[in-house]
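The block underneath contains the structure these notes are about, expressed in C-alpha cells.
The values are calculated or read from the model by the stated rules, or taken from the named source; none is laboratory data. All of these numbers come straight from a predicted model, not from anything done at the bench. All Cβ positions, glycine included, derive from the backbone under ideal geometry; neighbour counts span all protein chains shown.
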C-alpha cells in the first residue's frame, strides 16, 4: 500500500470519527453545528426552522422509534389480514371472525374520515382498528393464530406492552431511556412469539 493510499485511508477514518463525535455533541447538548448533511424529514424551509431547536432535536431522537412502531404495526395488520384471508377467504372482514364491536368501531372511524373530507387512510377496514383491537382480533381467533404463536398469554402480554409503549410515540412525547430499551425488547419478544 502506498503512502498516499495509507494517508487517504487514515484521513477518511479520522473524518468518520470526528463526524461521530460531532453527532454525539449535537445530540447531548441539543445544538446544531449547521452541518446539515442529514435531512430526516422534508421540512418546510420557511416555517420548520422557527420551531425551537430542542423540539426539533427531540423529534430527531424519536424518529427511529416511530419508524420501528409504524413498521411493526403495519406488519401485525398484514399478518392478521393474511392469516384470516387464508382461513376465511377474501371477505374475512365480514365473517364472524371479527367481533361486531370492532367492525362497528372501524366503520365509524372510516365514516368520520370520509365526512371530514380528508383522504381516507386506506381502503382496508383493518387499517381503521386501534392497536388494542388488533390484539383482540388475534385472541378472538386463537384457533387460527395458535399455529403461528406459542402462547395466547404471551401474545396478550406483548401486545399490552406494545400498546403502552405506543402512547408516547403516537402522542409526541420523548421516550425515557428505559422505555427505549423496553421497546426494543418488546419488539424482539413479538418476533420470538412466532418462532
Which condition number in (1) closer than 27 Å to residue 90 by Cβ; (2) free of Cβ contacts under 8 Å to residues at least 60 places away in the same chain; (3) surrounded by fewer than 16 Cβ atoms within 10 Å (Cβ to Cβ) is the one that residue 167 fails?
(1)
Hits in region 165-189 (condition: over 13 Å from the mean Cα position of the chain (by Cα) and assigned to a helix (DSSP H, G or I)):
177, 178, 179, 181, 182, 185, 188, 189
Select, from 102, 80, 98, the only residue that is part of a loop (DSSP other than H, G, I, E, B), surrounded by 13 or more Cβ atoms within 10 Å (Cβ to Cβ), more than 16 Å from the chain's Cα centre (by Cα) and at pLDDT 95 or above.
98
Tell me the residue from 140, 96 that is assigned by TED's automatic domain parsing to the domain that holds residue 172 and touching a residue at least 40 places away in the same chain (Cβ under 8 Å), please.
140
Which residues, counting only those in region 111-148, are under 16 Å from residue 85 (Cα atoms) and assigned to a helix (DSSP H, G or I)?
125, 126, 127, 134, 137, 138, 140, 142, 143, 144, 145
Could you please let me know if residue 64 is assigned by TED's automatic domain parsing to the domain that holds residue 160 and outside any helix (DSSP H, G or I)?
no
Give region 34-51 a look and list any residue that's surrounded by fewer than 10 Cβ atoms within 10 Å (Cβ to Cβ), assigned to a loop (DSSP other than H, G, I, E, B) and at pLDDT 75 or above, or say none.
47
Closer than 11 Å to residue 169 by Cα, part of a helix (DSSP H, G or I) and out of contact with any helix residue (DSSP H, G or I) (no Cβ under 7 Å at 6 or more places or on another chain): is that true of residue 58 in this structure?
no
Would a scan of region 111-125 turn up a residue that is buried (at least 16 other Cβ atoms within 10 Å of the Cβ) and at pLDDT below 95?
no
